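To start, the structure under review is shown below, and the notes come after it.
The values are calculated or read from the model by the stated rules, or taken from the named source; none is laboratory data. Quantities reported herein were computed from a predicted structural model and do not represent experimental measurements. Cβ: placed from backbone, ideal geometry, glycine included. Neighbour counts: every protein chain shown.
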Amino acid sequence: MEIQQASQSDLLKKYFNLPQFRRGQKEIIDAVLAKKDVLAVLPTGGGKSLCYQYPAVHFQKLVIVISPLIALMKDQVMSLQRLGIPAGCLHSGQSDDEKRDVFAELNKGGAFVLYLSPERAQKEGFQKWIQHRQIALFAVDEAHCVSQWGHDFREEYAQLSILKKICPHVPILALTASATPTVLDDISKHLNLKNPERMVHGFYRSNLYYQVELCENEEAKLELLLQSIKSTPQGRIIVYCGTRKVTETTAALLQKKFKQVGFYHAGLTAEVRAQTQEAYANGDLRILVATNAFGMGIDQPDVRLVVHYQIPANIDALYQEMGRGGRDGAESTCMALYSKKDKGLQSYFIHSSEAPEEIKSARWRNLEALVNYSEGGECRHAEILTYYKDSQRIERCGHCDNCDPKSSRRILKPLTPSLVLDQTLEKIKTSLKKSKKPKASDLDFVLDEIQEKRYEVLRQWRKAKAKELDAPAFVVFSDQTLKHLAVKNPRNLEEMKSVYGIGDAKIEKFGWDVLAELTR
C-alpha cells in the first residue's frame, strides 16, 4: 500500500522523527516516488540516506542500497533498527546464520532496506533472487565511484549496469556528495539511467570558513599546522596528507606536542584501521592525521578543524574532505596549505598512473583547476557552488579568507616561529618528491600602478565571462595568469602563448577578448 502525498510530513515524523526535509531532499524523494531514475548530488552531511530510506516506508517494499563500506552499512542498519524500520546488510564478514537471519526478516514482506556491496550485486545467485522480489528502488551510494572521471573510481562499481538489465522497470537513485557535470554524465551512461532527473543541492555550507594559505616551504606549513591546532582547543581535528610516509611523520611530530593524536592510511592492517576509526569515533583520539583512505562514510558531528597539509588531486576530493567539518552545523574552519611541491607530488601520481591517456588528461585538467582555485582571489564558496552547478548561487559568502580575511575564524601565521622538531621536519622533507625549480612564471608578480590597472580590468572581464559561461572564475583564468598578462601586456596572440597558464585551447576561447581588454 502506498502512502498518499499529503501525508509525507506525517510519515517523516512517524518513522524518522524529523520535523521537515532538508534542502533538496523533498525534490529528490518526489522524483523517486514518481518512479523516475534520479542523479542526485547532496554534499557530505546533506542527508543522502533519507532519500533512499524514505521510499521503503512510503511504498512498504524492499529498497536495495549498493554501498562500498561494511562499516557504513552496519552503522546505517543500526540507525534504522533503532527507529523501528526493518533493515539489514549482507557482507563477507557475516556468518551463514547471520545471513539467514537477514533473509528471514526480509521475507516477512513490507518495508525493508537491504545494504549490499557492489561485488555481491554481481553474483549470479543474487541476481536470480532479486528478479522474483518486489523492489521499490535501487540506490547506488557514493555513485562517483562508477566514473573513471571521478576522484575515487572503483572497478566493481563500473559493473553495476547489470541492475537495469535484470530489473529494467525498477528506478535507480544514484547519489554522491561531489560530482561535476562531466562525472554525472558518466554515471548516467554506465548505470544505463533512463532520462534521469538531475538534482544538485546543498553545496553551500554556511558554517564552514574556507581558507587557503600559500606556503613557501615545509617550515611555513608546519608552523601553520601547529598554530591551527593550538587555535582549536575543542572538538575533533582531521589533518589530511598526500602520502603514507608524510602521514606518519606528521603524526609523530604532533604526538610530541599534543595529546590524543593518531594516524590512518591504507597501509595499516584492517584491524588497526578499525581500531583507529573506533578510537576517533568514541573520543579516545582527538586529532587524526590521515590520507584520503579515511573519510568515506565518516560522520563525526564535532570536527572543528580540517587541514589539508598537502593538496589532494582535485576539487572534488578537497570539497568532500573539507565536508567532514561542522557536521553538527556549528562553526568550523577548513584550511588548505598549498605549496608548489604539492603540485609536483600530484603530478608524480598522474605520471605513474597506468590509466588511459584520456583519463590522465582529465586528471591533469582537474589538478590545474585545483591549483587555480588555491591561488584564486574570488569568493571560495561562490566558486564551489558554480563549479558544481548547484541550484543555489551567491556573489559573496562573507566567511572565507577572500571575503573576510580578518575573521576570528581564520588561522593566522604565528608572529614568532615555534621550535619545530628538526629531525621530524627533515623526514617530511625527504619523503616528498623533489620538484623542479619554479619557472619565472611561477613566482609572485609585483605589479606597478599601470599593471595593477590592467589586472583589475582583466579581473572584471573574467568575472563577466565566468558568469556568461556559468563557470567558476578560476576555470577561465587563474589570478596568476591575469597578473602575468598584466605584466607582459601581449599585443597579439603569438605573444600571448608565452604567458603562464595559457595554451592553445585558452587562446582559441578567450584570446581576442583578452587582447581587446588590454587595448583599453
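Values for this structure:
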item: Test: residue in the stretch 75-93 that is farther than 17 Å from Ile172 by Cβ and charged (D, E, K, R); result: yes
item: Residues within the stretch 336-371 that are in contact with a Ser or Thr (Cβ under 6 Å, 6 or more places away or on another chain) and not in a helix (DSSP H, G or I), tallied; result: 1
item: Qualifying residues in the stretch 338-387 (those that are under 18 Å from the mean Cα position of the chain (by Cα) and among the aromatic types (Phe, Trp, Tyr)) - the one farthest from Val246 (Cα to Cα); result: Tyr387
item: Hey, Gly329 touching a residue at least 12 places away in the same chain (Cβ under 8 Å), surrounded by fewer than 18 Cβ atoms within 10 Å (Cβ to Cβ) and closer than 14 Å to Ala473 by Cβ or not; result: no
item: Candidate set from the stretch 271-296 (those that are farther than 17 Å from Tyr319 by Cα and touching a residue at least 60 places away in the same chain (Cβ under 8 Å)); member that is surrounded by the most Cβ atoms within 10 Å (Cβ to Cβ); result: Gln277
item: Helices (runs of 4 or more DSSP H) fully within the stretch 10-107 counting 2 or more residues that are assigned by TED's automatic domain parsing to the domain that holds Gln134 and aromatic (Phe, Trp, Tyr); result: 48-59
item: Qualifying position, being surrounded by fewer than 14 Cβ atoms within 10 Å (Cβ to Cβ), free of Cβ contacts under 8 Å to residues at least 24 places away in the same chain, closer than 16 Å to Ile315 by Cα and assigned by TED's automatic domain parsing to the domain that holds Tyr309, among Ser361, Ser408; result: Ser361
item: Positions within the stretch 248-291 being in contact with a helix residue (DSSP H, G or I) (Cβ under 9 Å, 6 or more places away or on another chain), assigned to a helix (DSSP H, G or I) and modelled with pLDDT under 90, in sequence order; result: Ala274, Gln277
item: Answer residue from the stretch 216-237, given it is part of a loop (DSSP other than H, G, I, E, B) and among the small types (Gly, Ala, Ser) and is farthest from Gly344 (Cα to Cα) among those; result: Gly235
item: Matching residues in the stretch 428-473 - criterion: being modelled with pLDDT of 90 or more and over 27 Å from Glu395 (Cα atoms); result: Asp448, Glu449, Ile450
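Yes/no per residue for (1) surrounded by 11 or more Cβ atoms within 10 Å (Cβ to Cβ); (2) modelled with pLDDT of 95 or more; (3) assigned by TED's automatic domain parsing to the domain that holds Trp364:
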residue	(1), (2), (3)
Ser418	yes, no, yes
Gln480	yes, no, no
Lys488	yes, no, no
Arg491	yes, no, no
Met496	yes, no, no
Gly501	yes, no, no
Glu508	no, no, no
